[in-house]
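Laboratory data are not the source of any read-out in this text; all were calculated from the coordinates shown. Since the structure is predicted, the reported quantities are computational estimates derived from the model, not experimental observations. Note: ideal-geometry Cβ built from the backbone for every residue, glycine included; neighbour counts use all protein chains shown.
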């Protein structure tokens with residue numbers, strides 16, 4: 001036992017020494033912030049014999065006693081040992097735990113970040129661990145290689161707030177509608193048309209090329225790779241302070257961006273308008289409000305993460321810090337980052353005003369965060385960090401172009417859209433238009449007549465008159481509009497919903513499970529004799545194969561998982577799963 005303790009003791013002593021050295025310390029020739037506490041400094045001040053004391057020697061003690069009159073300066077100094085990003089992370093954890101415990105949200109950990117970003121982060125951490133260990137071996141020898149592994153604790157501490165941000169970000173995207181249920185896509189599109197002299201998003205679509213789309217999408221999906229590479233580079237070359245600046249800027253821009261999502265909720269042109277945008281002979285675009293809401297009724301819950309574009313904002317943050325601290329990486333990242341920003345419009349995920357606002361957000365954050373970080377360190381230690389070049393004063397043209405103008409392009413559109421645009425006030429009218437256009441007492445004449453009936457018991461409750469498919473031969477990668485013509489025969493109670501399965505050759509499927517008419521007129525509110533035109537848009541994913549497709553329709557209850565019985569198939573046919581085949585369009 002004694003031999004084991006003697007072998008462990010040097011390791012424990014070295015680990016203790018490293019942990020003490022790893023704690024944030026003030027620069028050299030600078031008092032420790034805790035020792036700067038007047039009470040502690042007075043308690044541990046060296047004592048002199050009474051004969052050696054003189055009036056000049058008493059002046060430091062007098063100054064210390066004079067500082068005791070303001071004890072808050074030292075009493076709250078301990079709170080500065082945590083970094084700003086760590087306070088944000090702690091508040092995020094508390095908010096997430098409260099929301100989970102109160103049943104507000106159900107946290108998920110199988111999002112795109114976990115599938116891609118977390119895997120990338122773990123690989124990057126392993127690479128950084130190996131690199132740091134190699135550096136220690138080359139500098140101090142193989143006997144102290146373990147110090148490289150211990151040094152990774154600092155790396156994990158630096159990166160933990162950003163990882164937590166991304167996990168929280170993925171979980172909270174679908175919660176925006178709880179804070180602000182409106183959709184301002186129409187307002188954003190109209191603002192684009194006013195500010196940029198026409199529909200900028202549609203103009204960019206004229207440059208879309210099928211052969212370039214995979215490369216553009218790859219650059220778009222590689223967003224998480226750039227900050228990881230830059231962060232590891234700054235960590236490896238010893239620019240820890242600048243690396244923390246970069247990560248704090250990344251975290252703060254993400255939280256400000258989420259506030260923008262709440263103030264200006266939008267789902268993006270690809271989902272709001274469908275593909276392609278409806279054109280009219282005059283060269284403009286027809287925005288039928290009722291049709292737009294019918295499009296939304298066809299979509300699953302979509303994240304409202306358009307304004308500002310954080311893909312753009314984070315790309316600009318990476319570019320700015322790469323330019324300042326790693327010029328080689330800047331030139332390597334330049335073309336992919338430009339493609340990433342362009343992809344937000346190319347893939348029709350954002351409006352042009354989103355990109356402008358995201359750029360303004362990034363520039364303002366990159367100007368403020370390093371200065372706030374230095375101010376935090378000055379408050380903690382009494383002077384700015386050692387070895388960090390002083391920042392130029394933020395005044396004059398620098399103040400205008402790095403702070404005032406970026407904040408204006410970020411805040412002004414949001415204020416106008418949220419409070420003064422007026423288009424969102426038309427939403428009740430749009431819903432009334434949708435109901436008036438979709439619920440009639442006149443029998444429709446669909447393109448594909450079906451004449452099927454569904455029943456919960458002995459008598460028929462709901463009839464499917466027919467289906468409209470536009471275009472008749474849809475193209476893979478584009479969209480197809482389906483209109484289901486229903487007739488209510490008897491009152492139906494329960495949470496019944498409609499499901500649509502569009503199957504392609506080979507078994508690939510696209511689902512459209514929904515409540516009719518954007519839940520404005522669910523099935524349990526249908527009255528006998530009503531004809532309901534339930535219209536929506538389905539995006540045909542590229543994993544479908546060209547050939548003869550199949551459109552299967554049915555009614556089901558999500559609470560019980562049961563499906564309503566197809567009592568009469570009409571011109572369609574049923575399968576063993578209780579589905580009704582209503583059409584077989586050709587997929588191109």
Point to revise | Separation of the residue 335 and residue 383 label points, Cα + 7 Å toward Cβ, nm | key: 4.7
Point to revise | Exposure proxy order (Cβ contacts within 10 Å, fewest to most) of 587, 338 | key: 338, 587
Study note, to complete from the structure: Compactness summary of the range 441-587: radius of gyration and Dmax from Cα atoms, Å, are 14.6, 42
Study note, to complete from the structure: So, with points 7 Å from each Cα along the Cβ direction, the residue 447-residue 548 label distance in nm works out to 1.9
Review point. For the range 342-392, what mean projected area does the convex hull of the alpha carbons give, in nm²?
Key: 5.0
Point to revise | the range 472-552 - percent relative contact order, Cα under 8 Å, separation 6 or more | key: 47
**Study point:** Using alpha carbons only: equivalent-ellipsoid semi-axes of the range 514-588, gyration tensor based, whole Å
**Key:** 24, 17, 14
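Using a Förster distance of 25 Å, how high is the FRET efficiency between residue 371 and residue 259, based on the Cβ-Cβ distance and rounded to 0.05?
The formula returns an efficiency of 0.75 here.
Set the Förster distance to 25 Å, then compute FRET efficiency between residue 493 and residue 436 from the Cβ-Cβ distance, nearest 0.05. Let's see the in-between values first.
Numbers: r = 25 Å, r/R0 = 1.01.
Step by step, r from the Cβ atoms, then E = 0.50.
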Revision key, fill the gap. Contour minus Cα-Cα span, residue 212 to residue 588, at 0.36 nm per residue, comes to 133.3 nm
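Mind ordering 495-507, 304-316 by average Cβ neighbours within 10 Å, highest first?
For the peptides 495-507, 304-316, the packing ranking is 304-316, 495-507.
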Exercise for review: With a Förster radius of 60 Å, plug the Cβ-Cβ distance of residue 472 and residue 411 into 1/(1 + (r/R0)^6) and report the FRET value to the nearest 0.05.
Suggested key: 0.80
Revision key, fill the gap. Length gained, residue 327-residue 270, 0.36 nm per residue minus C-alpha separation, equals 16.9 nm
Study note, to complete from the structure: Residues of the range 156-197 with backbone N under 20 Å of the label point set 7 Å from the Cα of residue 240 along Cα→Cβ are 156-163
